[in-house]
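Just below is one structure, and these are the notes that go with it.
The values are calculated or read from the model by the stated rules, or taken from the named source; none is laboratory data. Everything quoted here is computed from the prediction, not taken from an experiment. Note: ideal-geometry Cβ built from the backbone for every residue, glycine included; neighbour counts use all protein chains shown.
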Amino acid sequence: MGRKNIMGWRYVNRCWVSISLYLNDTKNIMKLKPIKNKTQLKQALTRIDELWGATRNTEKGDELDVLMLLVEKYEEEHYPIPPSDPIEAIKFLMEQKELTQYKLDGRRPWPAA
């Protein structure tokens, strides 16, 4: 995550106020609030699907950015991913790419005949 995203999230995290974004139709107002349960998470993900591909720096694009930050925060708190063991990560990547230690080292596992 880039520095710009971290700074933006800190602002959203500090404020925790409802954010009203006015879409093209002024009658349609979307109020964004912190996500507190799975139902709200599902609603946010549905709205993200609807907004996916919105042009950046537009009202819909801004709504998409804020919703994604809110979902990210909820998932970090409720579904944390523990850090992986570096050795296990290397073994996993080797398995995925069908590599052996000998292929990585470049040496033959036995003397040439």
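Worth a mention:
- Pairs, first surrounded by 10 or more Cβ atoms within 10 Å (Cβ to Cβ) in the stretch 41-62, second among the basic types (Lys, Arg) and in a helix (DSSP H, G or I), C-beta under 6 Å, six or more apart: 51/60; 54/60
- Scanning the stretch 21-41 for residues that are modelled with pLDDT of 50 or more and over 11 Å from residue 63 (Cβ atoms) yields 33, 34, 35, 36, 37, 38, 39, 40, 41.
- Filter result (closer than 30 Å to residue 48 by Cα and over 14 Å from the mean Cα position of the chain (by Cα)) within the stretch 67-106: 82, 83, 84
- Tally, over the stretch 58-109, of residues that are within 17 Å of residue 32 (Cβ to Cβ) and part of a loop (DSSP other than H, G, I, E, B): 1
- Which numbered condition residue 71 fails, given (1) modelled with pLDDT of 95 or more; (2) closer than 30 Å to residue 101 by Cα: (2)
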